[in-house]
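Quick note: the coordinates plus some simple rules give every number you see, no bench work behind them. Here the structure is a predicted model, which means the values were calculated and not measured. A quick note on method: Cβ atoms are made from the backbone with ideal geometry, for glycine too, and the neighbour counts reach across all protein chains shown.
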Amino acid sequence: MPELPEVETVKNTLKNFLLGKKIKDIIINYDKIIKYDNKDFKNALIDQTFMDIDRYGKYLIFKFEKNSLVSHLRMEGKYFIRKNLADITKHDHIIFTLENDIYLTYHDVRKFGTMELTKKGEEFFLKSLSKLGPEINNPNIDINSIYQKIKTSSRPIKAVLLDQTIVAGLGNIYVDETLFLAKIHPNKQAKTISLKQLKIIINSAQEVINKAIKLGGTTIRSYQSSLGVDGRFQNELNVHTLAGKQCKRCNTLIKKIKVAGRGTYICPNCQEEE
DNA sequence: ATCTATGCCTGGTGGC
DNA sequence: TGCCACCAGGCATAGA
């Protein structure tokens with residue numbers, strides 16, 4: 001599940017390869033990935049050149065001369081560069097033919113990913129992007145305004161941190177790691193979190209996210225490595241995927257529970273429920 | 001206004 | 001071995 005650090009890594013890798021390259025053709029093998037009309041999609045992008053690639057939260061933003069393509073990888077989305085048509089596999093749903101017959105493919109086993117086209121400069125008018133909160137890795141993030149949003153919520157703190165309208169970029173892995181660092185139980189109701197505790201949570205999240213970005217993200221449950229996603233943060237995980245292993249702080253066994261409908265890993269001793 | 005439930009998908013897993 | 005029910009999960013949408 002690519003979260004902010006993984007998408008950042010993909011962005012940087014793709015940027016190195018794609019900037020200045022032109023799209024010659026587009027093959028759409030599964031069209032539900034693309035929102036709106038496929039013909040418009042092709043017309044708008046063929047003969048266009050990759051000018052820049054940005055990221056906001058977990059979204060990739062490919063910028064061309066006039067248009068931008070906003071791409072979300074959801075759970076299993078990956079980009080590959082294929083040198084030959086013969087290398088294209090069954091889960092390569094969108095194929096961008098570049099110059100010199102090199103192919104950029106969007107690969108997605110679960111077909112959950114999305115692509116939507118917009119005019120360059122109007123990306124944040126899209127429904128998806130317009131709703132996003134501040135990015136979790138923003139060093140100037142306004143913790144007070146987050147506190148105002150969550151201080152009356154009865155939802156578990158984990159659900160709130162996963163809510164991209166509150167803060168953008170965290171997913172299941174990094175929320176577990178964040179709450180472990182902050183010593184907060186994921187089931188603790190948001191309204192019982194003090195401003196001081198929220199500061200600890202946000203600082204922990206930034207520590208986790210920044211370290212993960214440095215290490216190129218986390219590669220787990222991924223039987224196939226993707227362009228740009230061969231992270232090393234999986235070696236740094238403290239709780240996520242580690243059920244039955246000893247907590248590095250107190251030696252208590254890590255437990256897997258369910259919070260807000262999601263598989264959640266905690267140290268039952270360090271993260272005491274209230 | 002808030003929150004919860006459901007649908008989207010396929011490969012892997014565990015039970016029989 | 002094969003069949004099948006079930007699970008994983010980010011986000012949009014519908015419903016409470």
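List of remarks:
- For the pair A:Glu272 and A:Lys15 in one chain, pulling the backbone fully straight at 0.36 nm per residue adds 88.2 nm over the alpha carbon distance.
- Pair A:Arg110, A:Asn84: separation of 7 Å Cα→Cβ label points (nm): 3.3
- The stretch A:88-113 versus the stretch A:137-173: alpha-carbon centroid distance in Å: 34
- Dipole moment magnitude, nearest 20 debye, the stretch A:4-130 about Cα centre, only Lys, Arg, Asp, Glu C-beta charged: 180
- Peptide ranges A:259-272, A:59-72 listed from the most packed, as the mean C-beta count within 10 angstrom indicates: A:59-72, A:259-272
- Approximating the spin labels as points 7 Å out from Cα along Cα→Cβ, the A:Thr219-to-A:Glu236 distance works out to 1.6 nm.
- The angle between the Cα long axis of helix A:195-214 and the main principal axis of chain A comes to about 40°, on a 0 to 90 degree scale.
- HN-Hα J in Hz across the stretch A:106-119 - Karplus 6.51, -1.76, 1.60, θ = phi - 60°, x for Gly and Pro: 9, 10, 7, 4, 8, 6, 8, x, 9, 9, 9, 9, 8, 6
- Prolate/oblate/rounded label for the stretch A:4-130 (Cα gyration tensor, a/c 1.5): rounded
- For A:Asn67, the amide hydrogen comes within under 5 Å of the amide hydrogens of A:Lys120, counting only partners 5 or more places away or on other chains and with H modelled in the peptide plane.
- Global form of chain A, assessed from the alpha-carbon gyration tensor, a/c cut-off 1.5: prolate
- When each of the peptides A:177-189, A:205-217, A:136-148, A:45-57 is scored by the mean number of other C-beta atoms lying within 10 Å of its residues, the order from highest to lowest reads A:177-189, A:205-217, A:45-57, A:136-148.
- Between 0 and 90°, nearest 10: helix A:4-18 axis offset from chain A longest Cα axis: 20
- The mean sequence separation of alpha-carbon pairs under 8 Å and at least six residues apart, normalised by the residue count of the stretch A:4-130, gives a relative contact order of 28 percent.
- Set of aspartates and glutamates with alpha-carbon distance to A:Lys66 below 16 Å, sequence-local pairs under 8 removed: A:Asp40, A:Asp47, A:Asp52, A:Asp54, A:Glu116, A:Glu122, A:Glu123
- Note on A:Lys258: aspartates and glutamates with a C-alpha under 18 Å away, same-chain residues under 8 apart excluded, are A:Asp163, A:Asp176, A:Glu177, A:Glu272, A:Glu273, A:Glu274.
- Under-5 Å amide H pairs with A:Glu3, H placed in peptide plane, nonlocal only: none
- Length gained on full extension, A:Gln48 to A:Gln189, computed as 0.36 nm times the residue gap minus the Cα-Cα distance: 45.9 nm.
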